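A.B. asks: One structure, pasted below without further comment.
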Amino acid sequence: MKNYEINSQTLAIISCGKEKSKIIEENREFIVYLPSTKIIDNSCKFFGSSYEGRLNGTKSILGVSHKAPIIIEETTKIIFFPTSSPRLESCSWIALNKISDYYKLYADTIIKFSCGKKIKLELSYGIIDNQVLRATRLEALIEKRINNFKK
């Protein structure tokens, strides 16, 4: 597959090198021949923005300048966070609202999704915990702004 837009079934985009990513959805897994961050950019564009636009929005809201979570689509609360700098080819992206739990396993971290699937990331628990907290904070601030706008 040469193109992919994130949807409500997407759990993770796992980098498999410079030009290849593994897509993990609730009911299937497959390879897309694009870097993970390009899939994020294409998905942002599909929903009317761009990666750079969403990144600038996150920076404005959170004040975060690196490894920033991204709102792909705000009405359905599709928020992804990177596992490393998006400039690195090893960067993978995880869907915040699909996570049911995450825990340490030796030097790695296991992420358990609400559908029951699990993935093992060769990253420390602290890194994942920090990224989940950033993404959760972004979600809360966006929710607050939306609620204030509706008043």
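Since every read-out is calculated from the coordinates, none of them should be taken as a lab result. Being a predicted model, the structure only gives us computed values, none of them experimental. As a convention, Cβ positions derive from the backbone with ideal geometry for all residues, glycine included, and neighbour counts pool all protein chains shown.
A.B. asks: Enumerate by residue number the trypsin sites (Lys or Arg not before Pro) in the range 79-123 meeting two conditions: DSSP loop (anything except H, G, I, E, B), and at most 11 other Cβ atoms within 10 Å of the site's Cβ.
C.D. replies: Working: sites: ARG87, LYS98, LYS104, LYS112, LYS117, LYS118, LYS120; in loops: ARG87, LYS117.
Passing sites in the range 79-123 are ARG87.
A.B. asks: Sum up the charges of everything whose Cβ sits under 10 Å from the Cβ of ASP108, counting Lys and Arg as +1 and Asp and Glu as -1, but leave ASP108 out. Write out the running numbers ahead of the final one.
C.D. replies: Details: positive: LYS104, LYS120; negative: GLU122.
Spelling it out: positives minus negatives among the neighbours equals +1.
A.B. asks: Additional query: With a cut-off of 17 Å, note down the residues of the range 82-96 whose backbone N falls inside the zone around a label point 7 Å from the Cα of ILE31 toward its beta carbon.
C.D. replies: 90
A.B. asks: To continue, here is another question. Under the Kirkwood approximation for Rh and a Cα-based Rg, what ratio Rg/Rh is obtained for the chain?
C.D. replies: Numbers: Rg = 14.6 Å, Rh = 15.5 Å.
That ratio equals 0.94.
A.B. asks: Between GLU19 and GLU52, what FRET efficiency follows from the Cβ-Cβ distance if R0 is 25 Å, with the result rounded to 0.05? Could the numbers behind the result be given before it?
C.D. replies: Numbers: r = 21 Å, r/R0 = 0.82.
Once the sixth-power term is evaluated, E becomes 0.75.
A.B. asks: Quick check: net charge around SER8, other residues with Cβ under 14 Å of its Cβ, Lys/Arg +1 and Asp/Glu -1? Could the numbers behind the result be given before it?
C.D. replies: Numbers: positive: ARG28, LYS77, LYS98; negative: GLU5, GLU25, GLU26, GLU73, GLU74.
Here the count lands on -2.
A.B. asks: I would also like to ask the following. How high is the relative contact order of the chain, in percent, with contacts defined as C-alpha pairs under 8 Å that are six or more residues apart?
C.D. replies: Numbers: 275 pairs, mean separation 26.8, N = 151.
Taking the mean separation of contacting Cα pairs over the length of the chain, I get 18 percent.
A.B. asks: Provide the net charge surrounding SER60, with neighbours chosen by a C-beta distance below 15 Å and charges set as Lys +1, Arg +1, Asp -1, Glu -1.
C.D. replies: +4
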